[in-house]
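The values are calculated or read from the model by the stated rules, or taken from the named source; none is laboratory data. Keep in mind that this is a model prediction, so the values were computed, not measured. Cβ sites come from the backbone with ideal geometry, for glycine too, and all protein chains shown count toward neighbours.
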Amino acid sequence: MMLRANIEIALNGLGANMLRSVLTTIGIVIGVASVVMIAALGRAAEAEITRTIDAMGENMVIIWPVADSERRGMVSTRGRLTERDGAALERDLYGVTAVAPQLQMPVQAGFEGDYAPTTLQGVDAAYLEIVATRIAEGRSFAEEELRAGRTVAVLGASVADELFGGENPLGKRIRLNRIPVEVIGVAEERGGALTGDQDDFILMPMATVRQRFREVEAGDPDAVDMMLVQFAPGMSVSEGAEEVRRLLSERYHVREGDIRPFTVFDTEEFSRQSATIIGAFQAVLISIASISLLVGGIGITNIMLVVVSERTREIGIRMATGAAPSDIRNQFLVEAAVLCAIGGLLGLILSAAATYLISAASGWAVAIPPLAAIGALLFSATIGIVAGYAPARRAARMNPIEALRAT
Amino acid sequence: MTDPGGAEGEGTSGSEGRGPEDAFIRLRGAARTYGEGRARVQALLPVDLDIAAGDYVSIAGPSGSGKTTMMNLIGCLDRPSAGSVEIDGRDVAGMSEEELARLRRETIGFVFQQFNLLPRSSARDNVAMPLVYHGVGRSERERRADDLLQRVGLGDRTTHRPNELSGGQQQRVAIARALVGAPRLILADEPTGALDTKTSGEIIALLESLNREEGVTLVVVTHEPALAARAARRIAMLDGRIQSDERGAAAQADRAEP
């Protein structure tokens with residue numbers, strides 16, 4: 001009841017100086033908005049990572065024919081990775097459920113004057129199985145097409161959109177680097193992710209890409225650009241990645257301390273690394289938010305000192321009519337808390353607007369976690385109580401006789 | 001506590017009329033100094049005073065006579081530097097600020113020269129304000145405030161703010177506020193000092209009626225002889241001492257002459 005009366009008094013007092021009150025809370029507004037944004041973005045980023053990993057496929061180890069980045073030095077080591085390596089991994093490693101090698105190259109896709117630069121991926125049946133590629137329209141590759149290297153393609157959603165707009169692409173002939181290719185299917189949209197547009201690709205049989213699109217070069221005739229190794233559910237992919245490194249090192253006679261001609265990466269490590277990056281971003285944002293909240297809190301202390309001195313006579317009147325020092329102290333603590341909570345509310349509104357814009361612009365599913373919203377309000381009220389403590393104590397210690405004499 | 005005889009100035013109440021044990025307010029050697037060292041000012045020399053419940057007392061004297069200091073002690077706004085001040089048998093010297101506030105809240109209603117209303121609050125909210133500290137709920141606060149405003153003749157001004165009211169009306173609001181905690185003592189500090197003669201008469205009549213009809217102890221602090229003379233018991237102060245302490249209808253009649 002006393003609290004309610006104090007809140008009424010506080011709102012009354014703050015309303016008398018609306019502009020000043022709102023300006024005072026700007027530090028709190030920005031601080032709270034930052035904190036809420038950190039929570040919202042952090043959550044969205046985590047969700048995106050999960051989505052990216054889901055898109056790649058779970059329990060996945062990825063191998064590139066690139067010299068191991070951990071040991072990359074002055075020496076450039078030519079990367080090596082072949083289909084035979086894939087066969088060996090599938091044959092010799094425990095727990096491997098599928099191995100999907102693939103070729104990747106940039107191409108220019110064209111259809112009736114529309115052009116789109118994209119990535120051509122040469123894949124086999126295992127890839128289609130591992131990377132859950134759902135077909136939205138048309139069909140996937142037939143076994144015969146994969147084996148014989150037919151010039152047929154499945155388009156990623158954004159490529160299909162760029163080349164055809166709303167038109168039906170099925171059965172149409174597009175040109176990839178001037179080579180005519182028949183569109184047999186369009187993949188289901190995967191959506192944007194941390195790693196960029198996930199729908200910007202064209203899939204073709206690996207045999208076709210190797211025969212028709214690759215420059216003939218020295219080296220392994222069955223070289224691949226990337227390999228996905230899927231482990232059985234429940235197995236540790238980190239350990240799996242270690243096993244892959246061991247086996248490939250043996251095959252390429254890499255000795256201890258040598259630079260490996262391949263890089264092995266697993267989805268666990270990916271999420272770990274992503275979490276580290278997100279954590280770093282959040283740390284920066286949190287420090288900005290803390291500074292802002294600190295400055296905001298000092299601003300609240302300052303304005304409350306002004307408020308207390310402006311209302312000295314009121315304090316005297318209240319004391320003479322029976323308010324105890326603790327009543328006066330509570331009144332100003334509540335006023336500071338209410339002021340900060342209003343700042344918190346404004347910050348929440350600001351961050352809601354910002355998240356709305358960000359999700360509209362980026363396609364990320366950014367949403368303010370309800371707990372963060374409630375937490376932000378409680379936290380800002382707490383700042384108010386801390387910031388208002390010294391002014392409230394000053395008010396409570398006033399001598400009623402002197403306070404009554406104030407003009 | 002009701003003692004109409006005392007209010008009529010028949011000399012049946014007051015320190016001389018009863019044993020000191022019965023005194024509602026009792027000062028014993030109560031003194032007040034301000035400052036320290038050379039800046040030390042003896043605002044009130046040690047004074048003994050008993051005021052009986054239901055009495056009507058004026059404290060008069062020029063500025064610097066110590067009357068305000070004594071009023072602050074009686075009103076529990078201040079504590080004596082030496083001696084004791086007892087209200088209803090309880091010594092305020094040993095009380096904490098919180099206890100002092102509670103004593104004020106439950107026992108004393110103040111009426112000031114400058115009304116001291118909260119400028120941004122309505123008459124109703126001003127009157128209801130002290131009840132917040134009694135822990136009374138909002139609807140009950142407003143009901144009691146409206147009752148009292150009705151009683152002081154402002155039943156139709158409950159939502160007016162102080163700047164929408166005349167001086168006399170503002171002082172009536174202040175009196176209603178002083179009454180809202182059902183005090184046993186009304187302490188009026190120059191209650192008519194900011195009012196014209198006609199309004200002054202109405203305000204003092206209102207205060208006197210509370211003393212007469214409700215038995216509320218009334219202490220009026222003033223430098224106006226005519227106002228001081230109306231009280232049943234008249235204390236005059238000078239240089240931090242009680243100069244005279246009179247009671248009786250005869251003296252009242254004499255003093256009432258302009």
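A few points about this structure:
Table: residues versus (1) under 19 Å from the mean Cα position of the chain (by Cα); (2) of a type outside the set (D, E, K, R).
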| site | (1), (2) |
| --- | --- |
| B:Asp147 | no, no |
| B:Gly153 | no, yes |
| B:Pro162 | no, yes |
| B:Leu165 | no, yes |
| B:Gly168 | yes, yes |
| B:Arg172 | yes, no |
| B:Gly181 | yes, yes |
| B:Glu190 | yes, no |
| B:Leu206 | yes, yes |
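- The stretch A:81-140, residues that are surrounded by fewer than 17 Cβ atoms within 10 Å (Cβ to Cβ), of a type in the set (Phe, Trp, Tyr) and more than 30 Å from A:Glu239 (Cβ to Cβ): A:Tyr115
- Qualifying residue in the stretch A:330-351 (condition: of a type in the set (Ser, Thr, Tyr) and more than 12 Å from every other protein chain (Cβ to nearest Cβ)): yes
- Filter result (of a type in the set (A, V, I, L, M, F, W, C) and either within 13 Å of the chain's Cα centre (by Cα) or surrounded by 15 or more Cβ atoms within 10 Å (Cβ to Cβ) (or both)) within the stretch A:269-285: A:Phe270, A:Ala275, A:Ile277, A:Ile278, A:Ala280, A:Phe281, A:Leu285
- Strands (runs of 3 or more DSSP E) fully within the stretch B:156-258 that include at least 1 residues being more than 14 Å from chain A (Cβ to nearest Cβ): B:217-222, B:233-238, B:241-247.
- Checklist (1) assigned by TED's automatic domain parsing to the domain that holds A:Ser34; (2) touching a residue at least 40 places away in the same chain (Cβ under 8 Å); (3) within 30 Å of A:Ala232 (Cα to Cα) applied to A:Asp266, failing item: (1)
- If only residues of the stretch B:145-155 that are away from chain A (no Cβ under 14 Å) and not small (Gly, Ala, Ser) are counted, the one that is nearest to B:Glu202 (Cα to Cα) is B:Val152.
- In the stretch A:51-65, residue modelled with the highest pLDDT [restricted to those that are part of a loop (DSSP other than H, G, I, E, B) and surrounded by 18 or more Cβ atoms within 10 Å (Cβ to Cβ)]: A:Pro65
- Residue list for the stretch A:211-264, filter: more than 30 Å from A:Pro106 (Cα to Cα) and over 35 Å from the mean Cα position of the chain (by Cα): A:Glu250, A:His253, A:Val254, A:Arg255, A:Glu256, A:Gly257, A:Asp258
- Search result, residues across the stretch A:345-367 that are surrounded by 18 or more Cβ atoms within 10 Å (Cβ to Cβ), in a helix (DSSP H, G or I) and either touching a Gly at 6+ places or on another chain (Cβ under 9 Å) or not assigned by TED's automatic domain parsing to the domain that holds A:Ala390 (or both): A:Gly347
- Where a residue in the stretch A:1-28 is without any contact (Cβ under 8 Å) to a residue 60 or more places away in the chain and within 11 Å of chain B (Cβ to nearest Cβ) and its partner, wherever it lies, is outside any helix (DSSP H, G or I) and not basic (Lys, Arg), with Cβ under 6 Å and at least six apart: A:Met1/B:Gly137
- All positions within the stretch B:126-143 that are within 14 Å of chain A (Cβ to nearest Cβ) and assigned to a helix (DSSP H, G or I): B:Asn126, B:Val127, B:Ala128, B:Met129, B:Pro130, B:Leu131, B:Val132, B:Arg138, B:Ser139, B:Glu140, B:Arg141, B:Glu142
- Check on A:Ala395, more than 30 Å from the chain's Cα centre (by Cα), within 14 Å of chain B (Cβ to nearest Cβ) and either without any contact (Cβ under 8 Å) to a residue 24 or more places away in the chain or surrounded by 21 or more Cβ atoms within 10 Å (Cβ to Cβ) (or both): yes
- Yes/no for A:Met304 being aliphatic (A, V, I, L, M), within 14 Å of another protein chain (Cβ to nearest Cβ), assigned to a helix (DSSP H, G or I) and crowded, with 21+ Cβ neighbours inside 10 Å: no
- Qualifying residues in the stretch A:287-343 (those that are hydroxyl-bearing (Ser, Thr, Tyr) and without any contact (Cβ under 8 Å) to a residue 60 or more places away in the chain) - the one farthest from A:Leu14 (Cα to Cα): A:Ser287
- Across the stretch B:95-105, not a single residue is classified as of a type in the set (A, V, I, L, M), touching a strand residue (DSSP E or B) at 6+ places or on another chain (Cβ under 7 Å) and crowded, with 24+ Cβ neighbours inside 10 Å.
- Whichever residue in the stretch B:22-38 is exposed (fewer than 10 other Cβ atoms within 10 Å of the Cβ) and among the charged types (D, E, K, R) and, among such residues, is farthest from the chain's Cα centre (by Cα): B:Arg38
- Search result, residues across the stretch B:89-116 that are of a type in the set (Phe, Trp, Tyr) and facing chain A (nearest Cβ under 9 Å): B:Phe110, B:Phe112
- Test: residue in the stretch B:39-60 that is surrounded by 17 or more Cβ atoms within 10 Å (Cβ to Cβ), on the phi < 0 side of the Ramachandran plot and facing chain A (nearest Cβ under 9 Å): no
- The listed residues are A:Gly322, A:Gly316, and the only one of them that is touching a helix residue (DSSP H, G or I) at 6+ places or on another chain (Cβ under 6 Å), within 14 Å of another protein chain (Cβ to nearest Cβ) and in a helix (DSSP H, G or I) turns out to be A:Gly316.
- Only residues that are of a type in the set (Ser, Thr, Tyr) and closer than 30 Å to B:Cys76 by Cβ were counted across the stretch A:372-407, and they come to 2.
- The stretch B:76-88 - residue that is in contact with a helix residue (DSSP H, G or I) (Cβ under 8 Å, 6 or more places away or on another chain) and more than 16 Å from B:Ile51 (Cβ to Cβ) and, of those, farthest from the other protein chains (Cβ to nearest Cβ): B:Arg79
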